[in-house]
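Written out below as structure tokens is the structure these notes cover.
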Amino acid sequence: MSRKLLKKIIKELALVSGYTKDQEEQVEYTIRVLFLEIIKIILLLFIFKIIGYFNEGLTLLICMVLTKPFIGGYHEKTQIKCFIATLLIASMIIILSIKSKLDFFSIIVLDMISIFIVYNRAPILNDDMPITKLELINKNRRIGITMTILASVISLIVFEIAEYSEIIVWTIFINASLMFNKK
């Protein structure tokens, strides 16, 4: 979808809905980001399907989608760099989950470390999309902590399906660790 077409659609929507210029810009930004993220997810799933790790990639991406937007952390400046970084990080998580065989206690420890980091650091704000309203920051914090705890609980519930449990554990652990890239 071209930016011109998107702007035209948003302008019409803003007119009909009575949006302010600020609201119009927010809607345009949100739709553009969602569109780019959907394309990125589809491409990642396609790549994981080709290399034979579709289910693992899907599990990892679901976990990322449910936590990362609320906890913040590592960001790239362009969509291409973001795609490459996400592909590399996702690939490393899948490799970790295949090569390491965590026992139940190790999963609990890694989950607790992840929850601790998210509780103490979330949300990490992105300079390119700063959140300034305290209520929105606190809401993202609560959602981020809740989703990380939920993912941790799911990792324990699906422990018998080891590869999926470990993908969840490593995904939340790596995402939590990437929260330290901001000063």
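The values are calculated or read from the model by the stated rules, or taken from the named source; none is laboratory data. A quick note: this is a predicted structure, and the numbers were derived from the prediction, not measured. Cβ sites come from the backbone with ideal geometry, for glycine too, and all protein chains shown count toward neighbours. To get the accessible areas, we keep the full protein, side chains included, count just its heavy atoms, and leave off ligands, DNA and RNA. Shrake-Rupley method; radii C 1.70, N 1.55, O 1.52, S 1.80 Å.
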Order by accessible surface, 1.4 Å probe, largest leading, for residues 22, 111 comes to 22, 111
Low-density loop GluC sites (Glu not before Pro), segment 6-79, at most 15 other Cβ within 10 Å, DSSP non-H/G/I/E/B, are 76
Residue-ordered couplings for segment 134-143, obtained by feeding phi - 60° into the Karplus form 6.51 cos²θ - 1.76 cosθ + 1.60 and rounding to whole Hz (Gly and Pro as x), are 4, 5, 6, 4, 5, 5, 4, 4, 4, 5
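Can you send over the carbon and sulfur percentage of the accessible area for the chain, probe radius 1.4 Å, protein chains only?
Result for the chain: 69 percent of the exposed heavy-atom area is carbon or sulfur.
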Expressed in square angstrom to the nearest 10, the accessible area of residue 153 with a 1.4 Å probe stands at 70
In the chain, taking the dipole from +1 charges on Lys and Arg beta carbons and -1 charges on Asp and Glu beta carbons about the Cα centre, the listed residue (158, 47, 15) farthest towards the positive end is 15
Cα pairs beyond 15 Å in segment 79-157, in percent, come to 69
For the chain the mean separation of alpha carbon contacts under 8 Å (6+ apart) over residue count, i.e. relative contact order in percent, is 29
Counting only DSSP loop positions in segment 143-183, the GluC sites (Glu not before Pro) whose Cβ has at most 10 other Cβ atoms within 10 Å are 160
P(r) of segment 1-52 over all Cα-Cα pairs, 5 Å bins starting at 0, rounded to whole percent, reads 4, 20, 21, 17, 11, 9, 8, 6, 3, 1
Compactness check, segment 1-94: C-alpha Rg relative to the 2.2 N^0.38 Å globular estimate gives 1.31
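Quick one: if the Förster radius is 41 Å, what FRET efficiency do residue 138 and residue 113 give, using the C-beta to C-beta distance and rounding to 0.05?
With a Förster radius of 41 Å, E is 0.95.
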Computed over the chain, the convex hull of the Cα set has an average projected area, in nm², of 11.7
Over segment 1-95, with neighbouring protein chains present, the accessible area per residue in Å² at probe 1.4 Å is 65
Using a 1.4 Å probe on heavy atoms of the protein chains only, the accessible area for residue 134 in Å², nearest 10, reads 120
Filtered hits (aspartates and glutamates, Cα-Cα < 14 Å from residue 7, offset >= 8 within chain) -> 22, 24, 25, 28
Highest GNM mean-square fluctuation among 86, 20, 171, for the chain with Cα springs under 10 Å, belongs to 20
Of the listed pairs 4/68; 4/77; 4/40; 68/139; 81/101, those with alpha carbons more than 24 Å apart are 4/68; 81/101
